[in-house]
Structure formats: C-alpha cells, structure tokens
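Working notes for the structure below.
The values are calculated or read from the model by the stated rules, or taken from the named source; none is laboratory data. The structure displayed is predicted, hence computed values, not measured ones. Every residue, glycine among them, receives a Cβ derived from its backbone with ideal geometry; neighbour counts consider all protein chains shown. Ligands, DNA and RNA are excluded from the accessible area calculation, which covers all protein heavy atoms including side chains. Shrake-Rupley method; radii C 1.70, N 1.55, O 1.52, S 1.80 Å.
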4 protein chains.
Amino acid sequence: MSGKLKIALIGAGRIGRVHAENLAFRMPEVTLAAVSDVVEKAASSLAADFGVAMTTTDYGELLADASIDAVVICSSTDTHARIIIEAARAGKHIFCEKPIDFELGRIDEALAAVEAARVKLQVGFNRRFDPNFQRARDLVADGRVGTPHLVRITSRDPEPPPLDYVRVSGGLFADMTIHDFDMARFLIADEVVEVYAAGAVLVDAAIGEAGDIDTAMVTLRYRGGAIGTIDNSRKAVYGYDQRVEVFGSGGGVVVSNDHPNTAVCSDARAVSRDLPLYFFLERYEASYLGEMRAFADAVLSDTPPLVSGIDGRIPVVMAKAAARSCAENRPIRLDEIEG
Amino acid sequence: MSGKLKIALIGAGRIGRVHAENLAFRMPEVTLAAVSDVVEKAASSLAADFGVAMTTTDYGELLADASIDAVVICSSTDTHARIIIEAARAGKHIFCEKPIDFELGRIDEALAAVEAARVKLQVGFNRRFDPNFQRARDLVADGRVGTPHLVRITSRDPEPPPLDYVRVSGGLFADMTIHDFDMARFLIADEVVEVYAAGAVLVDAAIGEAGDIDTAMVTLRYRGGAIGTIDNSRKAVYGYDQRVEVFGSGGGVVVSNDHPNTAVCSDARAVSRDLPLYFFLERYEASYLGEMRAFADAVLSDTPPLVSGIDGRIPVVMAKAAARSCAENRPIRLDEIEG
Amino acid sequence: MSGKLKIALIGAGRIGRVHAENLAFRMPEVTLAAVSDVVEKAASSLAADFGVAMTTTDYGELLADASIDAVVICSSTDTHARIIIEAARAGKHIFCEKPIDFELGRIDEALAAVEAARVKLQVGFNRRFDPNFQRARDLVADGRVGTPHLVRITSRDPEPPPLDYVRVSGGLFADMTIHDFDMARFLIADEVVEVYAAGAVLVDAAIGEAGDIDTAMVTLRYRGGAIGTIDNSRKAVYGYDQRVEVFGSGGGVVVSNDHPNTAVCSDARAVSRDLPLYFFLERYEASYLGEMRAFADAVLSDTPPLVSGIDGRIPVVMAKAAARSCAENRPIRLDEIEG
Amino acid sequence: MSGKLKIALIGAGRIGRVHAENLAFRMPEVTLAAVSDVVEKAASSLAADFGVAMTTTDYGELLADASIDAVVICSSTDTHARIIIEAARAGKHIFCEKPIDFELGRIDEALAAVEAARVKLQVGFNRRFDPNFQRARDLVADGRVGTPHLVRITSRDPEPPPLDYVRVSGGLFADMTIHDFDMARFLIADEVVEVYAAGAVLVDAAIGEAGDIDTAMVTLRYRGGAIGTIDNSRKAVYGYDQRVEVFGSGGGVVVSNDHPNTAVCSDARAVSRDLPLYFFLERYEASYLGEMRAFADAVLSDTPPLVSGIDGRIPVVMAKAAARSCAENRPIRLDEIEG
C-alpha cells in the first residue's frame, strides 16, 4: 500500500470520537476520510470537529467507496458481526470495538468472512496498548519474572453504569470482565483452560434485581499450570482501579494506578495525594492512540494485527464460562462452553 | 494479680528464643522464670542468654511450680494439645504457638480443658500484631473503607522449607496458609463460610512428589457477602511477600511490604531499591513482641486474649476445607468439614 | 471577540512545532492561520503537517494581516524583543517564548510597547502549567502548607547542550535556571529579594572552558522571610529531574518526577522501575498545551495572562544576580542589579 | 581483650537509658557493669530496670574501678570534655555523646588526652548508623552514583525545644545542624571547606527573642568541588523529617522518611498514609544500637572507631562557620574559624 491509509469511521458516539481525534490529528500516516452514524447530526458534528470530508447515515456507502482502505467500527455491539462480514466482503480492513458479539456462532461467521476475504481484523482490546500493562507484558516476555506462576488483575470501575445499560450489557463478565480476560491472556501469553467465578451483589441491590452482579472474584487456571485471579467491582469510590501483577519463578512485576499528578501533601494529619485518574477515558487515553497506530501499521506493513479475531473470540468464551461458574458455583472448563 | 507476671517457656527452639528475648528484655511487667526443653542444652543455653533462673527437661515441673502464672508453649505441634490440657488443669494461663493441633477433636479437648479451668489461652497468630496489618484492620474497624466487599491477601515465602519438613507439615494450607486464613478473619471481623482452592506444583516438582503443593489461590466467601482471595507461593525470589488489601463501599486500604531501608538509587538503567525484608523473623519482629505484651496484658488485666482458642480452631477448619477443595476441585463449605 | 481566535506562529523550529500541533489539533477555540520562518522549508513543512493556510518567510506579513488576532513567537531569543514591539504596534496579542531578552533595557522597551498598545502578552514559562507543579501551587495557595518557610527546587537536565549552544546561551543561570527562578516565584507567590549562588564545573571541563558552569546551588531569600534553594545540573544520567517542595507552618508538599509507566519489577537483586521521562518534550507535554489554552482564554475572555510581562522580566534579573553572586562569591540583592 | 566488655554508663537521663537498654539487653558481647548519675535516684532506677550491679553519684568511682573497660558518657555537654580527659587518663575507652564541647580549645585538650592515653574514643553521631543513611553512604562508596556533585540534607524537627533549652543550646547550628554537618561529611567522604548560611525566625518569634533562629538553609562547598545544602526547621507539623540525597556523575540516591506502617488508604477524597515516625527516639532507634555495637567492636577488635574524635570536632567548626556566616551574611571558609 502506498500513500496514506484512508479510513472510514462507523459510529460517531463517545468512543468513535476518541478514535476520530487520534486518526485525524495524531496519525500522519492516516486520512480519516469518512464517517457514518445512524444519527446524522452525530456524524456531521464529528466531521466538523475533525475535518472529515464525507458523512453518511448509511455505512454501506462507505463500504461501497473503493477509495476507503479500512473501517473502524464503533457502532452498537449488536451490529458488529454484520458490519464485519459486509466490510470483509467489500475488501476493507477492519478495526472493531470489543466485543465482536455475545454469541459464538455469530463471531465465528464474522471471523470466517474475514478469513475468506483475507483482510485484517483488529479487535479493540485497547488495554493491551496501555504503557503500564505493555511494560509488564514486555518484562514477562523478556523473562524478567521467569516462568509465570500467579497472575492478579484488579479492575474496578468508579461507578456502575445506568440500570438500563446493565440490563442489556450481557452481564458483568461479558461487559466488564471481558477486558480482564483479555488481559489475563495478554500478560503471560498462555491460555486459560478453566475458570471459577464467585459473584455477589454488594454495590447496589438494584443491579441484582436487574439480574446481574456487581462484584466478582474469578480464579483462572492456565494450560501451563499458572493460576490467576481477577477481582471486579462496579464501584470504587476512589476512582478507576486498574492494576495487574505477574509473579513467577524469577520475580514479579506489579503495575499500579496512574494519578493526575505526583504532588504529595503532608500536614498534621496525614501524608496524602490525589485520587487515581477517574475512568477509562483518562486512564487509557494513550492506549486508544496506541491501538489505532498498531492497526494502521498492520495494514500498511501487511503484518498480523496485534489483537486478532481469535483474541476477540476467546474472552467471550471465558465470560460465558465465568457466568456459568457463578450460576452453578463450580469450576467450568472452557471446553464445556465450546462443547 | 499483683507484681510481675511469672512466665515459664516450654520449648527453647528458634521461636522460643524469640519469645524469650522479648519476655526477658522488653517486658518489665513480666519475669521469665523458667524454661524447659527436651534437649537440656537448648534449655540451658537459652537460660544463660536471657537470665532465666530455672531450667528443666520436663515441663511437668514447671506446671507443678505454684509460683508460675503462665506458660508459653513453643514445643513441636504434636505436643501442643496435651500441654495445653495439662497446663490448664494446673491453673496456668497459656500462650500457645499455632496451630493448636491438626485434628479438630484434639483442639476441642484442649479448648474444653481451658474453659473448664477458666484460664486464659492465646494462640500465636502473631501477624495480627504486625503494625501494618493492625493499621489496616483498625482503618476497616473505624469504617474508613465502609462495608468490606473484597479482601486480598498475598503471602509468599522466600524459599520452601526442607522436604523433610514438607512431608510432616500437614500440607501448604495447614502449614502456611493457616496464617492467611486467620488474617482473612482478622481484617474484616467476619467469618468465612466457603472456600475454593486452586493449587499447583510450580516451584519444585519434589514438593509434589512429597504429596504437597507449592502454589495456591484460595477464594473465600464470607458470611456477610464479601469475597476474599489468598495467593501463596513457597518461593518468591525477591523475598518475603506479605501484603493485604481490603476494599469496600467507602474505599480501600492496601498494605505493602517492609524494606530494610528507604534508599532509592537512580542510575543510567533504572530506579531501584533493596528487596523487602527477607523472612518472618525480620518482617514480623515487632509482632512477636506485640503478641507477648497482649498476652501479659490479658492475664494482668483479666481481659479476653486478643487471639482466642476459637481463633486458633477456625483456621484449621479452613485449612481442611481448602485441602479438600483442592483435591476435589469444587468449593467446600466450612460446615462440610465440621459435619 | 467573537468566533475563533486566529493565530499566527512566528518560528517553525522544534518548540514552534509543539505549539503548532496544540493550536491546530487540540484547541477548537483557535485557528492556526499562518506561520512564518526565515527558513521557507521549515514554514511550509509545518504548514503541511498541521493544515496551516498561509506561510511566509517574513513575519511582517503576518503582522500586517488584519485578520490575525495574535502571534506566538518562537523565533530565536535575539529577535523576541523586536517582534514583540512590532506585534504590539500592529495590535496583535502576543505569546512569546522565554526569555523576552537577556538585556533589561530591551525587555523594558518591549513591555512598554505592549502596555502602550494595550495588547496581551504571555511569556512562555510553561512549567507553571505542568499538572504537578500546578497542584503544588494550588495546595500552597489554598493554605494547605500554611505560611511557606522553605522552597526547594531540583532541576537537572539529562545531558548538556552542545558547546556551541553553551557559548551563546547566556550562561546556566539565564538559560536553564531561569525556569526555576520563575518556579520559585510561582510556587509561593512571593518575591525573591536576594540570591546567593554557588556554581561549579563538574560535568564537563569543556563547559568551563566555554566560560560557563554546569552545576549550581542557589539560595533565595524571599521578601516575606522564606528561604529557597535551587539545585541544577546539566547532566543527570537517569533523565530529566524536575522536583519541587514547599514547606511551611502547616505542612509540606513534594512533587516528584513523572515516569513513562508504573510497572515495578522485583527480582532476586532489587526492586526497580523505569527511569523518569527523558526530557522536557516528554515531561512538559501537557504544560505546552496548558499554556496555549491559557493564552487563548486570556485573549478571548479579556483577562490578564497567567504569565505576565513582568513575570518574564523578573527571572532575568534573578539570573543576573545569580551570575554576579557566583562570580563574586557573595549574596546579591536584586536591587543591586536594577540600580 | 578476652571475655565480655565491661562498660560503665555516666549519665542516666533519656539518652542514657536508651544506651543502657541496648548495652544490657541486646549486646551479648557486653556487660553493663555500673552506672553513675549526679541524681542518685536516676542511677538506681536505671540500674534496677536493666540489672546493673553498681551505682554511684560519683563517676570518679567508675574510673577508679580497674574492672571497667570502657565508659559511655551521656552527662550534660559541659561535662563531656572533662570526663573524657579523666577517663582517658584512667585508661578507659570512651563513647561520648555529641558534641564533645562547644569550644574548640577544650575539644583539642580532650582529643590530646585520648591520644596520649591511646584509648578509643567514639563520638555519638548516631545517624551514621541509621540503616537508610548507611545504605546511601554505601551506595556512594561503591561508586553507584559516580563522583558526587550535589548533596542535599533535609532535617526538620517535629517541634521546637523549650525556650529554656534554646537559650543554652549553643544555637541552631551547634545544637541541631551539627548532626547534618556530620552527615554531609559521612555521605560522600569529602571535607567541607566553606559554608554559607541563611537563617530566619519563622516558626516562633520567641526563639528569635531568645537570640536564636528556627529555620535555616546552609550551602556547603566541598574540597573536591561538590556542593551541598542543608535545610532545617524547628517545626515540621507532620513529624520528624530526615531525608538525604546524593547526586553524582553516575546517578543519585535518595533517602526518604520512615513511617510506622505501610498501610495506604484510599477513599472518596484522597489516597493517604500515616505520618512519618514522630521524632529521633522512633526514627533512630536502630542507630543507637548500631553505634554501641560498633563501639564495642572497635574496642574488642582493636580497630579505629567509626566516628573518631576528629569527626566530633569538625562539625563544631562547621557550626561556628555557619553561625558567623548567618550573622555576617557572607560565605565563611572553615579555616577562618580555625585561624
């Protein structure tokens, strides 16, 4: 491929705007050429802010435009699989927000379409591009902790989503823990074969009434023998809590939270500092740019994307296993979900 | 009780010497009056070092001595229950190293004897007196983290014990995790009702051949709904790793490791500091003094010991439940052990 | 003023490009309308990268363009005063990189022109907009440390500039410490009345041969009685070292360095993390955006700039006092420089 | 020397009791054989608490006792020089609290007596035995920071001494900074040749009325070219603030404060931890034991004490230079004091 990569954005909501800003302003190798949204005003507003030439309410127009090299899919989850399939058939490279779908059958159809079309597909597990987690993963990959034995992931949101969202979210494991399931695989490059999930409703009884949980502790068994744990809460009053640890035969690496500043104040009562960055837009700002750059690079240099379609599928399997484990209070092997 | 508390030490091994030094040199309210050990030289050497007037190879002599107010039992685990019973019948107050016994029936006999004799019994869960964990517990008790939702305990030794010890240790859960089971109860003052334990042999295959595991991740369900996790390893190359975290509706408290100094060195490669304190004698030095002072205070002021006989019993139940969970790969309720 | 602020950039070097990117891509309230540079290619390259409509090698054209509201001066230091004067006469608001000039007479002429024209002038002491220092200053201003007693500023570069630059830099105090002199005033909102500077050549003898020093410790006396210190080095092998501390009757605030990630690795030898951010482009990235936003806001809302012309002048006086103190090895009052 | 070292303690005040506890209980190589104090009750109370056989109100008796190998002088400063001289003549090895005296002539007499008698003299600069500073010094000595360029010492007390004490203290530099002057020499093993001291009365006007200052910033010039700074305050509301930093051609080492625990609490407002250890008895506990062990070792192994008589003398010179610098507001060379 020569010249700049021409990209079209499908979906102009909150995360769509994050990607648009990066594509338009921080990636000289890319032209954000078009944007579609079912809400016309959303598309036109985004286009105005980021200098996008073409807007439409019908993403089909973008797929039909031969000058477009790739699409970035930020529409609602229920549209992902269908758009992937159509985009693949149109020969577009694809970046798709997670999850591909909640149903494995539909994911498999999408991945098959991608494979048949020989286009690139990168799934939006942005946390892999967080500088902290990336450094942890690199240290592990470089052997600095030896053979991994234990993995610990803490992932707590500052506040629960609205109940309307909770009801259609697919449940905590599919909606929130899915990022941590991906992280569990990313950090040590091994596969999880079994999960045990303990869940509870401790934050808000209304979440339980909506059929979900708000607190969880998941045990992971890796194929290679390592053991992992993920703890989740829908509400950490001190802000977004995103930490990981990998412990192994040669040592350990611990990632702590990012803070808005390093000022530490001591007075007659305590030594204190400001709370961690509030939520994902603040904490993961760098990662959103990182994943877009990686996607553009995969396309431009014709190399495999750093987050593949399979990487998008496996956490969905893990989420289903965790949900069943939680419901039946027993460990669930991932192959029980596939079976 | 008037005057100094007269204490006799039973068992002059490594931990006996730790207690002896504290009793003899750092507790003006106490006289370390006698020491017994089946190895005469051990008793006499300890007596010489810490100015103890009376030595014997027969602890029965100490129990028969009416001037002795209390005994500190540091002999081998298989002798604990019997000595507790005899000491109680002799009217002595009792400090006993953990565990009271591996068998619940024998523990119950010992506790019954204590209760019948109306003497004090304090069990040696010294970590409750570690300034770090104590502060965490106090913050929780003061409501600083609100209602507890999640508890995380990391407990990793710098190196595994000798294989000969492993074979008679009662297994990782009874030998090592037992402290963490106590910590789980101590930190949030709630009871665990169910455990799920994932274990592995990752450190040394010989430990597996000896019938034990060396790595574990235990999930705890509390009566009040909170969820906990304990991760253990027999070998952390960077030293003793002893951290806890309590997370709740109002915030969280995190305890990290103690280091021998605060010097941080920056050179052209990294910012670095020295490893954490090596092992329990270094890390928990203050806690050993703290528990002895608390025991003396309980006796002198006739108040309940801060670690009761029941506190000594419950972690044994938890260890048994964890061992069964690990063997059967399913969550085990504590009442299954009692049944 | 209605609509977007139209800004022209004068000087398309390294720092010019930093400002251009912020003005073009991160400030919706602004249009970067033009750029000039004596090197045509520099101007056109910048214009291409950031979508600037007009380029010229003659900044006079920009000043003559009535549609331009304000200029950002990033040309070489010896041109600052002259361009300020011309821009002011042309009725443009002015952002000027520090220093305004090395000579007080020329600074005074520039400030007089600004005052006569009633335009805004903001000087590029970007560190005031660093989130860490800003938080420290806010804590001080909010009374969290009480009355300031001691101020400590550490400012060390990762490596010395080229000797050719050293020779024309105006000397360490004018070139490097000048930022710290501004910081000293910013942090506690008090004026320095006397300085004592100890300097040395410890990093590189060639710097001494070029007539400069590379290491310094400056003592500051504030009008209100507080005492400050600045330590400088041209070479910290571990990277850019930018820390401050304010200590007062009610407590203290300490700002430490920013790091590229929070990963901490423990192995058999040490606990370590990556070095601080390498140099000013990394460490002060946020501050460059912050100062541009503040400038635009001052113009758009017709409020005084947060770094005034006087704020640009005083550190030059302090640098001269420090240089004389260093040469004569005695404390120098600032009014000796003015006299 | 064979057998245990027999030591007599002269002065049974607060610091005398600290040494007594270490000598009696934590140093098997030593017997604390006798104690003298002009207040009989002080001596007898200490003797009772730490099992000391002999007490007297006349230290001359201790010096006359041939069985005594060494004395530890903790009496008031005005008695130090005289007792050193008498002890030396009696052939006793000597540990003496700092300072030896405020007058150089009397110090020189004492040192001459020590040299003539060929006994050991160790001066009580205990901070050299603080594990944090010791580690910093070792890192410097091992070349980990290369050639030292900058030294920074922060030394702030939690609260000022009583005014009655201030009046006879010899002034801030002789009473408080003297420890930091010693630290400045200890850390990089180079000599200071010139000081510049800026002092102020900011904590309490009554201290100024008593003829002293309560806040100071001292610049140090080392013979080898390095520059140092010491900042002092009589009142840090957050507790004892004792930090150092050495920066050099190869990197830097920073020592921060010790805290009573590692618990860090996050709630909806801040991330906070408890204040540093309150004052010297807490912070420097380990150092008092360390210096006694070093003294005993020097005597028993016939090696030079780690803090010599000259080490005791030089900080007094530095204090005098600082006081004159502060009074005359000019840098003072140490040889001006000697002249």
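A few remarks follow.
- Residues (open to solvent by 30 Å² or more (accessible area, probe 1.4 Å) and closer than 17 Å to residue A:305 by Cα) located in region A:82-92: A:91
- Lone qualifier among D:264, D:253, D:237 - being under 28 Å from residue D:97 (Cα atoms) and of a type in the set (Val, Ile, Thr): D:237
- Taking the criterion of being of a type in the set (A, V, I, L, M, F, W, C) and within 13 Å of another protein chain (Cβ to nearest Cβ), the only residue of region B:153-171 that qualifies is B:153.
- Among (1) over 30 Å from residue A:153 (Cβ atoms); (2) of a type outside the set (Asp, Glu); (3) out of contact with any helix residue (DSSP H, G or I) (no Cβ under 7 Å at 6 or more places or on another chain), the one test that residue B:100 misses: (3)
- Unmet criterion (only one of (1) within 14 Å of chain B (Cβ to nearest Cβ); (2) open to solvent by less than 10 Å² (accessible area, probe 1.4 Å)) for residue D:195: (1)
- Any chance residue A:140 is over 17 Å from the mean Cα position of the chain (by Cα), open to solvent by 10 Å² or more (accessible area, probe 1.4 Å) and either at pLDDT below 95 or within 30 Å of residue A:258 (Cβ to Cβ) (or both): yes
- 1 or more residues touching a helix residue (DSSP H, G or I) at 6+ places or on another chain (Cβ under 7 Å), in contact (Cβ under 8 Å) with a residue 60 or more places away in the chain and open to solvent by less than 20 Å² (accessible area, probe 1.4 Å): qualifying helices (runs of 4 or more DSSP H) within region B:1-81: B:14-25
- Filter pass, residue C:107 being in a helix (DSSP H, G or I), touching a Ser or Thr at 6+ places or on another chain (Cβ under 8 Å) and of a type in the set (A, V, I, L, M, F, W, C): no
- In the set (1) out of contact with any Cys (no Cβ under 7 Å at 6 or more places or on another chain); (2) part of a strand (DSSP E or B), residue C:166 fails one condition alone, (2).
- Meets criteria (touching a residue at least 40 places away in the same chain (Cβ under 8 Å), in contact with a Lys or Arg (Cβ under 8 Å, 6 or more places away or on another chain) and not β-branched (Val, Ile, Thr)) for residue B:150: no
- Looking only at residues in region A:206-221 that are touching a residue at least 60 places away in the same chain (Cβ under 8 Å) and open to solvent by 10 Å² or more (accessible area, probe 1.4 Å), the one that is farthest from the other protein chains (Cβ to nearest Cβ) is A:213.
- Residue count for region D:222-233 under the criterion of being assigned to a loop (DSSP other than H, G, I, E, B) and either crowded, with 24+ Cβ neighbours inside 10 Å or at the interface with another protein chain (Cβ under 7 Å from one of its Cβ atoms) (or both): the result is 2.
- For region C:98-125, the tally of residues that are polar (S, T, N, Q) and open to solvent by 40 Å² or more (accessible area, probe 1.4 Å) stands at 0.
- Flag: residue A:203 matches the condition of being open to solvent by 10 Å² or more (accessible area, probe 1.4 Å), away from chain C (no Cβ under 14 Å) and touching a strand residue (DSSP E or B) at 6+ places or on another chain (Cβ under 7 Å).
- Of the strands (runs of 3 or more DSSP E) that lie entirely inside region B:235-312, those containing 3 or more residues that are crowded, with 23+ Cβ neighbours inside 10 Å and either more than 10 Å from every other protein chain (Cβ to nearest Cβ) or not β-branched (Val, Ile, Thr) (or both) span B:241-248, B:263-266.
- Hey, residue D:181 surrounded by fewer than 24 Cβ atoms within 10 Å (Cβ to Cβ), at pLDDT 95 or above, outside any strand (DSSP E or B) and aromatic (Phe, Trp, Tyr) or not: no
- Pair list, Cβ under 6 Å, 6 or more apart: region A:325-339 residue polar (S, T, N, Q), other residue surrounded by 15 or more Cβ atoms within 10 Å (Cβ to Cβ): A:325/A:195; A:325/A:196; A:325/A:197; A:325/A:332; A:329/B:331
- Matching residues in region C:124-152 - criterion: being within 9 Å of chain A (Cβ to nearest Cβ) and not polar (S, T, N, Q): C:130, C:131, C:133, C:135, C:136, C:138, C:139, C:144, C:145, C:146
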